[in-house]
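Take a look at the structure below.
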Amino acid sequence: MDSYDDKGENPAPPPGRPPSPPPGPSRGIAGLSFPYQVVAALALAVVALVAVVHVAMVFLHVAPDNTVSKRYGEQVGDWVFPEFEQNWKLFAPNPLQQNVAVEVRAEISKADGSRHTTGWINLSAEDGAAIRGNPLPSHVDQNELRRGWDFYVNSHDDKARPNGLRGQLSESYIRRIAMLRLESHDLGGPVDRFQLRSATRLVEAPPWSEEKTNTKPAYRVFPWWTVTPDDLSEGVRNHGGGTEASG
Amino acid sequence: MSHVAGPVGPARPDHESPLGRKAALALQHVTARALGPHQSAVVRIGFAAAWLLFLLRELPNRRELYGPGSPWSWDLAQQLIAGNGAFTTLMWSDSGFWFEIVYAVAVLSSALLMLGWRTRTMSVLFMVGVLSLQNRSIFMGDGGDNVIHLMAIYLVLTRCGQVWSLDARREARAARVVASGGKAPVDRVGPVLWAVLGVGLLGTLLDSPGGEWWVTTLLWTLWLSQGLWWAVNRYAPRSEPRALLDVIANLAHNGALVVIMVEVCLIYATAGWYKVQGSRWQDGTALYYPLHLDYFAPWPALSDILASSGVIVLLLTYGTVIVQVAFPFTVFNRRIKNVLLVAMILEHAGIAVLLGLPFFSLAMIAADAVFLPTAFLLWVGATATRGRQRLTARSAYEDAGDAGAGAAKGEHGDGDGGGGTVPDQRRKDAGADTPLVR
């Protein structure tokens, strides 16, 4: 019976607030006896401290390098990585102004023992075709190769040498992506070796602009890789049959 | 029916100074209630829906993205995770069967979190699902995944099922039964769920490489406090420990809600302030470029139309920057904030279509929703209820049922004493770099 006068104990019964009080007593800190108030105050201190520190760490993480973040870079990184990592410099300071296409060609062993090198196959164009006209593009088409390639390029130096573990991982990854993608092509035999290149084309300046853009692609060619079992994801058999294994 | 535990004094003894009195009021305010019940509910529904729809859309590709068929193989993932300590249950085993279980739990928990069934528990499962899948294949994600990742963690600490949830409906029904002199129904599902999840939690003990210590601690703390909350509600519903747990849960909720709001402001602030420095954003052509990227051009003809007018591109380019830079400062002014909110939600809707990023856009709209005014949310809720009543009214002719009985009233959902957590430790890893406009 006395349950509904719990509200009267609140010094500030917020008038007209939507939620009705919970079935149990919702007393707030004022409705607690002193020892319990101490615990509640402690909880408040912990919550406030964690919230403030967290916000500060995230702020330092997203802010430009500055006096504080340089000095405490390690602590900020320890706090933020890996679960709170974030990057909102999207299309900033400038949007991406080039289309990067990843292309592959393969050396095939034919049934008669001869070898044959395919032409360049534009894997990014295949992604683009899967995205076009699709209201719900898949991460498989939009992110897999695109981000995999970024990862590869960013963890290698100009001479395509890997920098550390990330470099090695990214190479395994891009090789497996390439072989996965070649699986759906009818190449006439298994792939012995393959080679990747990137073709970077600048987006042409808008028609109203006076800027001149050179839209000729700039190619960057990478070394040949011999196919190993590690390059084959589950379901990739590298029979060169193509069509039946697609998907 | 009397208070079991002692002295429930009338408010704090009067504070002489008005400042002290104000502080006492504020203190009571943040300890007595979980603020923004509708806002937290709409954020919950939005993120659960975004992730659920994404998982359903990727159902045919799930094994290539996160499973045994991925070019980012289990071994590669393990080597990366051994370095950065990201949490993922998918590292507990490389079996395809385990993967299917995790994916199914992720789908199921997002659906149930959206509906608000056992909200707190589902929010934890939701977080586990999001972290497990995303951390398994970090390079498959983009900015949308990044927001969902952050919010999945924050949501765990909120009481986001107070309204618009099956929990709220169940509690309202139980309250009605009690009010009419009946006995409150006994909760059988809760303990069973708790026991099952306790067994699942044992996995964190086997998990040799994965997860920072705070994630594991958070999971165990939540599990224990759920048990405690249940026990206290059952055996001492009017006791002081119950009131204390309620206060702690309110504090955690309010703290998490503030963090969510600051996070949204930080997203817009960084997106905006870095753009100000860019020459393309200055000369007013920036928006033209993403519309011409092959990876973000599902409707090239539509993109061309929009990009054909230099003036429109200029207005949208400047408008984007102005809104993003201004937003964090306008949260203190209701009217301007609401105008900007509408602009941002519309822009995200445009991005969903034009750049082919529907799930990213949905996630960003869900994040924006934390700033929607209560009056508007109430109106949406009332409209939805009316719509449903109209739909159910027809069948009600026959069975004279109580159409629209549960216009979800504000009640506390599952709560618990899960206090703050202290994230910490570990190395860096590939984040969600991404080419999005925001």
With springs only between Cα atoms under 10 Å, which of B:G310, B:G278, B:G20 fluctuates most in a Gaussian network model of chain B? B:G20
Per-residue HN-Hα couplings for the range A:197-203, Karplus 6.51 cos²θ - 1.76 cosθ + 1.60 at θ = phi - 60°, whole Hz, x for Gly and Pro? 9, 10, 10, 9, 10, 6, 6
Place a +1 charge on the Cβ of each Lys and Arg in the range A:98-245 and a -1 charge on the Cβ of each Asp and Glu, then give the dipole magnitude about the Cα centre in debye, rounded to the nearest 20. 340 debye
For the range B:340-377, listing chymotrypsin sites (Phe, Trp or Tyr not before Pro) in a DSSP loop whose Cβ sees at most 15 other Cβ atoms within 10 Å gives none
Which of B:D94, A:D65, B:D75 has the fewest other C-beta atoms within 10 Å, and how do the rest follow up to the most? A:D65, B:D75, B:D94
What is the set of long-range amide H partners of A:Y72 at a cut-off below 5 Å, with H atoms built 1.01 Å from backbone N? none
Fewest-first ranking of B:W230, B:W72, A:W149, using other Cβ atoms within 10 Å as the exposure measure: B:W230, A:W149, B:W72
Identify, among B:Y268, B:T88, B:I336, the residue whose Cα sits farthest towards the positive end of the charge dipole of the protein assembly as shown, taking +1 on the Cβ of Lys and Arg and -1 on the Cβ of Asp and Glu, with the dipole about the Cα centre. B:I336
Per-residue mean of other chain beta-carbon atoms within 10 angstrom of the beta-carbon, peptide A:120-132? 2
Which whole number gives the average count of other chain Cβ atoms within 10 Å of the Cβ atoms across peptide B:278-286? 4
According to the square roots a ≥ b ≥ c of the eigenvalues of the Cα gyration tensor, what is the shape class of the range B:129-264, taking rounded for a/c under 1.5, prolate for a/b larger than b/c otherwise, and oblate for the remainder? prolate
What does the helix-only formula give at 222 nm for chain B: each DSSP H stretch with n ≥ 4 adding -39500 (n - 2.57), the total divided by the residues, and the result rounded to the nearest 500 deg cm²/dmol? -21500 deg cm²/dmol
So what's the gap between the Cα centers of the range B:284-343 and the range B:58-77, to the nearest angstrom? 35 Å
Using a/c under 1.5 as the rounded threshold, could you call the protein assembly as shown rounded, prolate or oblate? The axes a ≥ b ≥ c are square roots of the C-alpha gyration tensor eigenvalues, and prolate needs a/b larger than b/c, oblate otherwise. prolate
Step through the residues of the range B:78-90 one at a time and calculate ³J(HN,Hα) from phi using the Karplus curve (6.51 cos²θ - 1.76 cosθ + 1.60, θ = phi - 60°), rounding each to whole Hz and writing x for Gly and Pro. 5, 5, 5, 5, 4, x, 9, x, 5, 8, 7, 5, 6
Degrees separating the helix B:143-155 axis from the principal Cα axis of chain B, which is the longest one: 10 degrees
Set the bar at 26 Å for Cα to Cα. Now go through A:K89/A:K159; A:K159/B:K275; B:K275/B:K337 and name every pair that lies beyond it. A:K89/A:K159; A:K159/B:K275
Could you tell me whether the range B:78-125 comes out rounded, prolate or oblate from its Cα gyration tensor? Rule is a ≥ b ≥ c as square roots of the eigenvalues, rounded for a/c under 1.5, then prolate if a/b exceeds b/c, otherwise oblate. oblate
Given the rule -39500 (n - 2.57) for each run of at least 4 DSSP H residues, summed and divided by the residues of chain A, what is its mean residue ellipticity at 222 nm, to the nearest 500 deg cm²/dmol? -10500 deg cm²/dmol
Any chance you could give the angle, 0 to 90 degrees and rounded to 10, that helix B:213-235 forms with the longest Cα principal axis of chain B? 30 degrees
Need one value for B:148-158: mean number of C-beta atoms belonging to other chains within 10 Å of its residues' C-beta atoms. 2
Ranked list, fewest to most other Cβ atoms within 10 Å of each Cβ, for B:H292, A:H116, B:H38: A:H116, B:H292, B:H38
Rounded to the nearest 20 debye, dipole of the range B:152-285 from Cβ charges on Lys, Arg, Asp, Glu: 640 debye
Please list, ordered by chain and number, the residues whose modelled amide H lies under 5 Å from the amide H of B:G211; skip anything fewer than 5 residues away on the same chain. B:A86, B:F87, B:T88
Running a GNM on chain A with Cα contacts under 10 Å, which residue among A:V52, A:V100, A:V153 ends up with the highest mean-square fluctuation? A:V52
What ³J(HN,Hα) values, in whole Hz, does the Karplus curve 6.51 cos²θ - 1.76 cosθ + 1.60 give for the range A:172-178 when θ = phi - 60°, with x put for Gly and Pro? 3, 5, 5, 5, 5, 5, 4
As I understand it, the value is the acute angle between the Cα axis of helix B:310-330 and the longest principal axis of the Cα atoms of chain B; what does it come to in degrees, rounded to 10? 30 degrees
Using the Cα centre as the reference, give the magnitude of the dipole from point charges on the C-beta atoms of chain B (Lys, Arg: +1; Asp, Glu: -1; all else neutral), rounded to the nearest 20 debye. 1380 debye
Amide H contacts under 5 Å for B:R118, restricted to residues at least 5 apart in sequence or on another chain and with H modeled in the peptide plane, are B:D167
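Every number here is computed from the coordinates shown, using simple stated rules; none is lab data. Keep in mind the model is a prediction, meaning the values are calculated, not measured. All Cβ positions, glycine included, derive from the backbone under ideal geometry; neighbour counts span all protein chains shown.
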